[in-house]
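Asks: I'd like to ask you about the structure that follows.
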Amino acid sequence: MTEDYTRVAAADELEPGNGMGVVVDGIEVALFNVDGEFHAMSNRCPHQRAPLCKVGEKKINGEKCWNENRGGFTDQPAVTCPWHLWEIGLETGEHEASGKKIGVFDVKVEDGDVLVAI
Amino acid sequence: MASQDVDPQREVPADAFDERIIDLDFHMNPPEETLIQYVEDDVAREKFENVEYGMAHRKAKWDAAWAIPGGNEGLFTQGRAEVASDVKLAAEKFAIDDPIVNVGINNAPTQHNPVQKNAIAQAANDFALDRIVPEDLHCLMMVPQWDVDYAVEEIHRVADEDGIVGAYGWFGPFDLFGDTKFDPLFEALVEHDLPLVLHGSLSFWPQDTPYGDGMLTWTEILGFDWPIHAMLTTVNAIMSGVFDKFPELDIVIEEGGHWWVPFVKYRMDEFYEMHPGDIKMHPRLHEMGQERLQRTPSEYLRENVYVTTQPMAPPERSTDFEAMLDLSMAEDMFLYSSDWPHQTLDPATWAFTNRAFDEDLRAAVLHENAEELFGI
Ligand code: FES
């Protein structure tokens, strides 16, 4: 139902390959744009509470590192945490090697707006 | 309380920004072409300009790249600090007030040629004096431990410069520091009031040995090779009387683990008390005419040795965490380290979110121990 959803951003605010941090009902949510598809999950990594929304942030002198940006996305599909590269399933919120899990949230795009259901 | 503010962008809890945090292991990686400019020896500089400097040319069995999704991403997971302003920018994000910078050439001891290695140490130290210290950052000088005479010369040259707070060397499969040949090095460090800060090196466990050849995973190599070398380095220094001869000397073990402290503490005392008779046969103690160590082995551990915390790897339950911190003498021995920019980065979140830490312990680990040790 539309009333369960909260508008968190305009779809064109978030570039593909990046994350954005938003707060919904006092809860930190990481919103991701993966090749034009939006995903949302709890913003704090189940490992050591890194802010997952920082995925895709350009590193200091990133052009001189193997990967230019912090963390990233895999085909699993998963988000790779910007701190220690744990891969967390975008649909499950689960990190396979540890079995640790965080919440994932439904997302939809309507009239150019991104909405998240908490 | 500030920590209750919700801010998705924040890398560490808000309270971390209100506490002084001194970081014992912050790597800076100046571009090679910049470092080469500082090499004074013409012969060495000519080689650096024309020959790529890197890992020793031999088979390499272990690679972190096989263990993580990003391939060779582990060394620069967070970025690469090439100049002092990069260091400040990175530190600020993680609420680190005082990153003690090392120039981070951890493959230096794996190189074979002493002229080349000494030139690297000299260049790294001059780079630090020229580019890091003037920017109000504290720094570790590199100590060429493979050549004790040169190491002493370099300590006398660099140690008293403002901003140089410690001497950076390596534990690993090299000559153990209990060897009396290191005494002039210790003497110079004590004279200049510099702690010896030993980091793991990229030498790892010697290959072509059954142990070295048997380990095929990064968890074994980085996770356990380094702590084993760290433990042996520590016990060797204590049992060979290094701290009897140099009671003012302090040694910091960086990235060699810390939860081994209780194991070493109790086991070292137990074994020594049962078998103390060979102490007097060690050349250093023999020369000093000493029958026994002057203190219980674990007392040297508490008073002369420090360990850095990264990665903290805490147990799940805070009561277990608290007990381990207590048994590990964390209030006396632990020094916070982030290891920025490597994949094993350890922001100090645990000190603010876990009930194992009270105000005193937090202050000791995050800054007081380092303030006292380095006089900063
Ligand atoms: S905090 Fe996310 S992988 Fe460690």
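The values are calculated or read from the model by the stated rules, or taken from the named source; none is laboratory data. The shown structure was predicted, so the numbers you read here are calculated from the model rather than taken from an experiment. Virtual Cβ from ideal backbone geometry, glycine too; neighbours counted across all protein chains shown. Keep in mind that these areas ignore ligands, DNA and RNA; they rest on the heavy atoms of the full protein, side chains included. Shrake-Rupley method; radii C 1.70, N 1.55, O 1.52, S 1.80 Å.
Asks: Grab the DSSP H runs of chain B that are 4 residues or longer, score each as -39,500 (n - 2.57), total them, divide by all residues and round the 222 nm result to the nearest 500 deg cm²/dmol. All intermediate terms of the calculation are to be shown ahead of the outcome.
Replies: Numbers: 17 runs with 139 residues, N = 376.
So the calculated ellipticity at 222 nm is -10000 deg cm²/dmol.
Asks: For a test of the definition: using alpha carbon positions, the gyration tensor, and the 1.5 limit on a/c, classify region A:1-110 as rounded, prolate or oblate.
Replies: Values: a/c = 1.82, a/b = 1.30, b/c = 1.40.
Here region A:1-110 falls in the oblate category.
Asks: Let me ask something else about it. Using a 10 angstrom cutoff on alpha carbons, build the Gaussian network for chain B and name the most mobile of B:W218, B:W259, B:W66.
Replies: Looking only at B:W218, B:W259, B:W66, the largest GNM fluctuation is found for B:W66.
Asks: Ratio of alpha-carbon Rg to the 2.2 N^0.38 Å globular estimate for chain B, to two decimals, please. Let's see the in-between values first.
Replies: Working: Rg = 20.5 Å, N = 376, 2.2 N^0.38 = 20.9 Å.
Normalised Rg, Cα atoms only: 0.98.
Asks: Could you state how much accessible area is buried at the B-A interface, both sides summed, with a 1.4 Å probe, in Å² to the nearest 100? Present the calculation step by step, with values, prior to reporting the outcome.
Replies: On the way: alone 17420 and 6870 Å², together 21720 Å².
The contact between A and B buries close to 2600 Å².
Asks: A further question on this structure: With +1 on each Lys and Arg Cβ and -1 on each Asp and Glu Cβ, and nothing else charged, work out how big the dipole of chain B is about its Cα centre, in Debye to the nearest 20.
Replies: Details: 25 positive and 71 negative charges, 250 e Å.
That gives a dipole near 1200 debye.
Asks: Carbon-plus-sulfur fraction of the accessible area of region A:5-117, 1.4 Å probe, in percent? Present the calculation step by step, with values, prior to reporting the outcome.
Replies: Values: 2110 of 5050 Å².
Answer for region A:5-117: carbon and sulfur cover 42 percent of the accessible area.
Asks: For a protection proxy built on the mean count of beta-carbon atoms within 10 angstrom, sort B:106-117, B:360-371 highest first, please. Don't jump to the answer; show the numbers that get you there.
Replies: Working: B:106-117: 16.7, B:360-371: 20.2.
Put in order of decreasing packing, that is B:360-371, B:106-117.
Asks: Do any residues of region B:1-47 lose at least 30 Å² of accessible area when the full set of protein chains is present rather than just their chain alone, and if so which, with a 1.4 Å probe?
Replies: Residues shielded by partner chains are B:V6, B:P8, B:Q9, B:E11.
Asks: Enter the mean number of other protein chain beta carbons within 10 Å of the beta carbon of each residue in A:51-59, as an integer. All intermediate terms of the calculation are to be shown ahead of the outcome.
Replies: Working: counts 6, 1, 2, 5, 0, 0, 3, 1, 7.
Mean partner shielding for this stretch: 3.
Asks: Can I ask one more? Skipping prolines and chain starts, which residues have an amide H placed within reach, meaning under 5 Å, of the one on A:I60, given they are 5 or more residues away or on another chain?
Replies: Amide H to amide H, under 5 Å and 5 or more residues apart or across chains, A:I60 pairs with B:R80.
Asks: Please report, as a whole percent, how much of the solvent-accessible surface of region B:8-374 comes from carbon and sulfur atoms (probe radius 1.4 Å).
Replies: On the way: 7870 of 15450 Å².
Summing carbon and sulfur atoms, their accessible area is 51 percent of the total for region B:8-374.
Asks: Can you count the Lys pairs in chain A whose Cα atoms are under 29 Å apart, with each pair 8 or more apart or on different chains?
Replies: 10
Asks: So for each of B:174-186, B:315-327, B:331-343 I average, over its residues, the number of other beta carbons within 10 Å; can you give me the resulting order with the highest mean first? Display every interim value, and only then the final one.
Replies: Details: B:174-186: 17.2, B:315-327: 14.3, B:331-343: 23.5.
Put in order of decreasing packing, that is B:331-343, B:174-186, B:315-327.
Asks: Here is a further query. Taking chain B as a Gaussian network, Cα atoms linked when under 10 Å apart, which of B:Y168, B:Y266, B:Y150 shows the biggest mean-square fluctuation?
Replies: In the Gaussian network model the winner is B:Y266.
Asks: Considering only DSSP beta bridges with both partners in the protein assembly as shown, what is the antiparallel share in %, to the nearest 5?
Replies: Details: 35 of 59 bridges.
Roughly 60 percent of the DSSP beta bridges within the protein assembly as shown come out antiparallel.
Asks: Which GluC sites (Glu not before Pro) from region B:156-240 combine a DSSP loop assignment with at most 15 other Cβ atoms within 10 Å? Provide the component values of the computation, followed by the final result.
Replies: Working: sites: B:E161, B:E187, B:E191, B:E220; in loops: B:E161.
Hits after loop and neighbour filter: B:E161.
Asks: Taking only protein heavy atoms into account and a 1.4 Å probe, give the accessible area per residue of region A:5-117 in Å².
Replies: On the way: 5050 Å² over 113 residues.
Per residue, region A:5-117 has 45 Å² of solvent-accessible surface.
Asks: A further question on this structure: Scanning chain B for helices, which whole DSSP H stretches are 18 Å or more long along the axis (Cα) and average 0.0 or more by Kyte-Doolittle? Can you show the working numbers first?
Replies: On the way: long enough: B:114-127 (19 Å, -0.31); B:226-239 (20 Å, 0.99); B:261-274 (20 Å, -0.38).
For chain B, where a helix must reach 18 Å along its axis and average at least 0.0, the hits are B:226-239.
Asks: Is region B:234-335 rounded, prolate or oblate when judged by the Cα gyration tensor, a ≥ b ≥ c being the square roots of its eigenvalues, rounded requiring a/c under 1.5 and prolate requiring a/b larger than b/c? Each step should come with its number before you reach the end.
Replies: Working: a/c = 3.00, a/b = 2.02, b/c = 1.49.
Prolate.
Asks: Counting only heavy atoms of protein chains, what accessible area per residue, in Å², does region B:8-374 have with a probe of 1.4 Å?
Replies: Accessible area per residue: 42 Å².
Asks: Give the residue from B:I253, B:A237, B:F271 lying farthest towards the positive end of the charge dipole for region B:224-276; charges sit on Cβ (+1 for Lys and Arg, -1 for Asp and Glu) and the dipole is referred to the Cα centre.
Replies: B:F271
Asks: Moving on to the next point. Which whole-number value in Å³ per residue fits the convex hull of the alpha carbons of region A:40-79? Show your work: numbers first, answer last.
Replies: Working: hull volume 3.4 nm³, N = 40.
Residue-normalised Cα hull volume stands at 86 Å³.
Asks: Please say if the protein assembly as shown is rounded, prolate or oblate, where rounded means a/c under 1.5 for a ≥ b ≥ c the square roots of the C-alpha gyration tensor eigenvalues, and otherwise the choice is prolate for a/b larger than b/c and oblate otherwise?
Replies: Values: a/c = 2.06, a/b = 1.63, b/c = 1.27.
Prolate, since a/c reaches 1.5 and a/b exceeds b/c.
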